Amino acid sequence: MRSLIEIGRLPVVNEAGKRIGRVLDVLFAPEGARVIGFAVARPRILMLLDRKDLYLALDRATLEPDRVVAARGAASWGRSAAARTGISWDDSVIWVGMPVRSESGASLGTVRDGLFDPQTGQLDAIGLTGGIAADIAVGVRDLPVEVVRGFDGQAVVLSDDAADTDTSGGAAAAAGRGVAVAKKTGSDLGKQATGAARTAAVYGASAVRAAAKSETGKKTIGWFKSIKDEVVDAMGDPDDDA
């Protein structure tokens, strides 16, 4: 299985190893829960002029640990691939960052990540996030594909059972476990659990601030890396016969 986030920004090369671009987005079919291909960003000309993204069909791509290898030929790309697979790229959906709701309409956060079969594209599991603060305080949900009902045009829809699934991790979960122990073992442990809850809250607030700073740092580092990559890409001709 491969992670949606893991695939993001991997370099895309042809079978001869020549760089074509990098994965910009993982694309799902408009119905069901299946990856059909990738949007591939090509290097800008002289770092200034943007070029049209390419669309690579999953069945013509080999996902290696550190790159995606595209099979040669027009059938791998764009309109030819869409005609061959019967799915328009304009109808494809980017699930990462998409809002998630239950069948009854309850908000469940957004798609954080997912695992999919690189051969068939079938989704195997989905991860949800409520945002940095919520994830630290409450935890995250990682759910099997059985709860996924598909995309309704506005959100990824999960079964109502998904809303009842416990989150994993989080300061509140840790504090909750402490309180549960306290109830079983008496007032002394209760005082300790209360202290643990306060400590968890303090660590949670600190972690939010640290995560925000870290995220900013990551974005800055990513920006510098993208500039470096584009300088390297622009030094050679892109593989326009992809």
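A few comments on the model shown:
- Charge tally around residue 25: other residues with Cβ under 13 Å, Lys/Arg +1 each, Asp/Glu -1 each, net +1.
- Compared with the direct C-alpha span, the chain from residue 154 to residue 124 gains 8.7 nm at full extension, assuming 0.36 nm per residue.
- Estimated inter-spin distance, residue 106 and residue 3, nm [label 7 Å along Cα→Cβ]: 2.8 nm
- The slack in the chain from residue 90 to residue 163, taken as 0.36 nm per residue of separation less the alpha-carbon distance, amounts to 23.2 nm.
- Counted residue by residue at 0.36 nm each, then reduced by the alpha carbon distance between them, the extension gain from residue 15 to residue 62 reaches 16.0 nm.
- For region 1-60 versus region 127-155, the gap between their alpha-carbon centres in whole angstrom: 24 Å
Computed from the coordinates by the stated procedures, all read-outs in this text should not be read as laboratory data. Just so you know, these numbers come straight off a predicted model, no measurement behind them. Every residue, glycine among them, receives a Cβ derived from its backbone with ideal geometry; neighbour counts consider all protein chains shown.
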